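Below you'll find the structure, written out as structure tokens, and then a few comments.
The values are calculated or read from the model by the stated rules, or taken from the named source; none is laboratory data. Remember, it's a predicted structure, so these values are computed and weren't measured experimentally. In this analysis, Cβ positions are derived from the backbone assuming ideal geometry, glycine residues included, and neighbour counts consider all displayed protein chains.
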Amino acid sequence: MKAVRIHEYGGTEVIRYEVTPIPEIDQDEVLIKVVATAFNPVDAAIRMGALKNIFPHQMPYIPNVEASGVIESIGGAVTNFKPGDPVFVFLDMTKDGAAAEYVVTKAENAALAPKSIDLQDAGAIPVGALTAWQGLFDHGKLQEGQRVLITAAAGGVGSYGVQLAKWKGAHVIGTASEASFPLLQGLGIDQIIDYKHEAVEEKVSEKLDLILNLAPEGPAELNKWLPLLKEGGIFVSTTSPADAELANRSGVQTIRMFVGRNAGQLTQIAALVDEGRIKPVITERVKLDDLALIHNKSQAGKIRGKVLINLDWRQ
């Protein structure tokens, strides 16, 4: 099969396009013929070796941690899927990924893909939607009628966060650049703060129940936002954490979160997609041959939203 492989940690020059054997499966695994995968900033961090102590890899490895595709074959112990099933999946970050024509995963990590959108587009859902779901609901305990601030609201995670929070019935405030205002308005956001020209702490007029921080801000900036929370409020961050001692003095909770694989939540997300409640926001579509270019654009800070990598053999 054709695949991208990385033989050593480093810059984008370590990304190689190769032919490698189709992987074999164990009893509890499935082989997926990949239709699409998507770029995530974590892919670049893993490639550079920045996360090698958290997500160690045996070299060479195939990058990309999410995918959509069709079940090609199943292990002998797998009972919840059959060949031909359309699925989407958040992969184990320590194993080979989906920048290839085939990928193997534990069957327990995969879920049936939404029926109402093209299977290709489902490849842009797992990581972003699961991060938003877990940040808002598992960690943030968001409820109907509450007020939430989502930073980097137009990004690959934030766009799902806005939609999921609105589905829950929350009042949603988001930070973004002016270029992303139309996108967020289309998703039903209640208020947008232009982070390039406006200070968050000056634009939030009422106390918040939850802050979901997805922006690469430092602790000094994050600490300015803690007083925006009500007593008992929750500050969830996927990047730098806010100061725990300052949060405690303010009567709020601060959580540094890491997304986890969860097929049950993917199934719920698929149902919301099919109900028209949420949709993937894809800002760019490229071929697998362009993956190194996307890594370069990411390093230069020139990626907005979600980039889909198309391997669609159905076309």
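Structure notes:
- The set of residues in segment 58-68 that are assigned to a loop (DSSP other than H, G, I, E, B), in contact (Cβ under 8 Å) with a residue 40 or more places away in the chain and more than 15 Å from residue 127 (Cβ to Cβ) comprises 59, 60, 62.
- First in segment 230-254 and over 20 Å from residue 134 (Cβ atoms), second anywhere and modelled with pLDDT of 90 or more and among the small types (Gly, Ala, Ser), Cβ under 6 Å, 6 or more apart: 231/251
- Residue 111 being under 18 Å from the mean Cα position of the chain (by Cα), outside the structural domain of residue 23 (by TED's automatic domain parsing) and not in a loop (DSSP other than H, G, I, E, B): no
Every residue, every condition in (1) surrounded by 20 or more Cβ atoms within 10 Å (Cβ to Cβ); (2) under 23 Å from residue 166 (Cα atoms); (3) at pLDDT below 90, yes or no:
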position: 209; (1), (2), (3): yes, yes, no
position: 212; (1), (2), (3): yes, yes, no
position: 220; (1), (2), (3): no, no, yes
position: 235; (1), (2), (3): yes, yes, no
position: 258; (1), (2), (3): no, yes, no
position: 270; (1), (2), (3): yes, yes, no
position: 281; (1), (2), (3): yes, yes, no
position: 297; (1), (2), (3): no, no, no
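- Selection status of residue 45, without any contact (Cβ under 8 Å) to a residue 40 or more places away in the chain, of a type outside the set (Lys, Arg), under 23 Å from residue 127 (Cα atoms) and part of a helix (DSSP H, G or I): yes
Per-residue answers, yes or no, for (1) in a loop (DSSP other than H, G, I, E, B); (2) more than 14 Å from residue 294 (Cβ to Cβ); (3) at pLDDT below 95:
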{"residue": "21", "(1), (2), (3)": "yes, yes, no"}
{"residue": "25", "(1), (2), (3)": "yes, yes, no"}
{"residue": "30", "(1), (2), (3)": "no, yes, no"}
{"residue": "35", "(1), (2), (3)": "no, yes, no"}
{"residue": "54", "(1), (2), (3)": "yes, yes, yes"}
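- Applying the criterion of being basic (Lys, Arg) and in a strand (DSSP E or B) to the residues of segment 267-311, the residue that is farthest from residue 128 (Cα to Cα) is 287.
- Qualifying residue in segment 144-161 (condition: outside any loop (DSSP other than H, G, I, E, B) and without any contact (Cβ under 8 Å) to a residue 60 or more places away in the chain): yes
- Evaluation of residue 210 against the conditions (1) under 20 Å from the mean Cα position of the chain (by Cα); (2) within 11 Å of residue 153 (Cα to Cα) shows that the sole unmet condition is (2).
- Considering 255, 211, 192, the condition of being of a type in the set (Val, Ile, Thr), in contact with a strand residue (DSSP E or B) (Cβ under 6 Å, 6 or more places away or on another chain), within 26 Å of residue 121 (Cβ to Cβ) and not in a helix (DSSP H, G or I) is satisfied by 192 alone.
- Residue check for residue 53: free of Cβ contacts under 8 Å to residues at least 24 places away in the same chain and either among the polar types (S, T, N, Q) or surrounded by fewer than 18 Cβ atoms within 10 Å (Cβ to Cβ) (or both): yes
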